[in-house]
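Visitor: Take this structure, written in structure tokens, and hold onto it; I'll ask about it next.
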Amino acid sequence: MIVIKDIESLRAVLKSHRISQNSISLVPTMGALHEGHLSLVEVAKKNSNVVCMSIFVNPLQFNSAEDFKNYPITLEEDLKQAEKAGVDLVFVPSTEELYPKGQQPVRLIAGSCAGGLCGSTRPGHFDGVVTVVSILFNLFNPDVAVFGEKDFQQLKVIEQLVRDLHFDVKILAAPLVRQEDGLALSSRNLRLSAAERVQALSISKALFWAKEAVNQGATEVKMIKERVYSELTANGIKVDYVEIVDCQRISPVNKIEKQAQLAVAGFVGDVRLIDNISLIR
Ligand code: AMP
């Protein structure tokens, strides 16, 4: 596995892969790798000859300086995990390498999929995401890029980015990976105390309850949202949102017709967690 920090070297290595007619995949991450990230690598391996990963904690997508400062960084361990998982190239740029210094960088504005959910409660977040992902797509020009359904709205925002700006890349979605007890794997889980981890479990429990309720015939969005909301608050979670949305447009629905996505965000202590589940009638 090769680790690259600068754009010039990255371009040279990718050029040689292109000359050899290798297909290239990209797995963008912010590091603090876990099994969820590694499942994306598995998808990438099945769909390309050369698996590239980026590790970059993107300041543009943090709307809280505190959150950015506290984001876990475990680079040495990440590189070991990436190598073991079969990643061929890891790109670890500094902020100065990606964004021009001493000036306001060009920024993109995310499309309509960024309207609700995290887009409402974290203003500018998805603008930062589409900006950095566009930079990475321009640098790597990958054949495929893999994103996790853990960040369901992000996945839809990226799919819209690719559609609207005509990026020549195939977006592959990887299923959300959970721990055995249901907790969605997240880099932010590293910041939970043992007691907070127990609190956090109520998120997936509430989502599983909702899925079962819909399986049993429930269609009423208001009732499901209220029940999930009270489960979370009863467990000490400061709810950011509980929303049921159309899976493509990410706009709220009033009734579950065939399929919808239940998405939740909330603070356990000062750690913001998100989770989601597909509701199918
Ligand atoms: P992050 O490092 O949190 O920005 O995530 C990088 C990529 O990994 C994104 O596409 C995420 O959706 C994906 N990812 C993070 N956690 C999980 C998970 N538990 N299951 C599947 N994909 C995940």
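Visitor: Kirkwood Rh, region 188-237, all Cα pairs: how many Å?
Guide: The Cα-based Kirkwood calculation yields 11.7 Å.
Visitor: May I pose another question? Taking a cut-off of 27 Å, what percent of all Cα-Cα pairs in region 9-155 are separated by more than that?
Guide: Working: 2309 of 10731 pairs.
Result for the distance tail: 22 percent.
Visitor: What lysines does LYS211 reach when the alpha-carbon gap must be under 29 Å and sequence neighbours fewer than 8 apart in one chain are set aside?
Guide: Qualifying lysines at Cα under 29 Å: LYS150, LYS156, LYS222, LYS225, LYS238, LYS255, LYS258.
Visitor: Give the residue from SER202, ALA173, ASN141 lying farthest towards the positive end of the charge dipole for region 140-219; charges sit on Cβ (+1 for Lys and Arg, -1 for Asp and Glu) and the dipole is referred to the Cα centre.
Guide: The listed residue farthest towards the positive side: SER202.
Visitor: Quick check of the Kirkwood formula: for region 93-216, what is the inverse mean of 1/r over all pairs of different Cα atoms, in Å?
Guide: Result for region 93-216 stands at 16.9 Å.
Visitor: Remind me, relative contact order of region 60-149 in percent, using alpha carbon pairs under 8 angstrom and six or more residues apart?
Guide: Numbers: 41 pairs, mean separation 36.4, N = 90.
So the answer I get is 40 percent.
Visitor: Now for a different question. Show me the ranking of peptides 84-94, 106-116 by mean Cβ neighbours inside 10 Å, starting with the highest.
Guide: So the order, starting with the most tightly packed, is 84-94, 106-116.
Visitor: Which whole-angstrom value gives the distance between the alpha carbon centres of region 4-33 and region 94-143?
Guide: Taking the Cα centre of region 94-143 as reference, the centre of region 4-33 is 19 Å away.
Visitor: Still on this structure, I have one more. Kirkwood hydrodynamic radius, the chain, all distinct C-alpha pairs: what's the number in Å?
Guide: 19.6 Å
Visitor: If you project the alpha carbons of region 61-114 onto the principal axes, what extent comes out on each, in Å, largest first?
Guide: Largest to smallest, the principal-axis extents are 36, 26, 22 Å.
Visitor: Before rounding to the nearest 500, sum -39500 (n - 2.57) across all DSSP H runs of length at least 4 in the chain and divide by the residue total; then give [θ] at 222 nm in deg cm²/dmol.
Guide: -13000 deg cm²/dmol
Visitor: Taking just the alpha carbons, could you work out the radius of gyration and Dmax for region 160-281, both in angstroms?
Guide: My reading of the Cα-based Rg and Dmax gives 15.5, 46 Å.
Visitor: Next up: Out of LYS101, LYS255, LYS225, any idea which swings most in a Gaussian network model of the chain, alpha carbons joined below 10 Å?
Guide: LYS101
Visitor: Under 24 Å between C-alpha atoms is the cut-off here; go through region 1-84 and count lysine pairs that meet it, provided they're at least eight residues apart or on different chains.
Guide: 12
Visitor: In addition: Please report the base-10 log of the normalised intensity I(q)/I(0) for region 1-57, using a Debye sum with one equal scatterer per alpha carbon and no solvent, at each q in 0.12, 0.30 (1/Å).
Guide: So the normalised log intensities work out to -0.30, -1.28.
Visitor: Build a GNM of the chain with springs between Cα atoms under 10 Å: which of ASP181, ASP240, ASP168 gets the top mean-square fluctuation?
Guide: Comparing ASP181, ASP240, ASP168 in a Gaussian network model of the chain, the most mobile one is ASP181.
All of the numbers you see were taken from the coordinates with simple rules; none came from a lab. Since the structure is predicted, the reported quantities are computational estimates derived from the model, not experimental observations. Don't worry about glycine lacking a Cβ; one is built from the backbone with ideal geometry, like all the others, and counts go over all protein chains shown.
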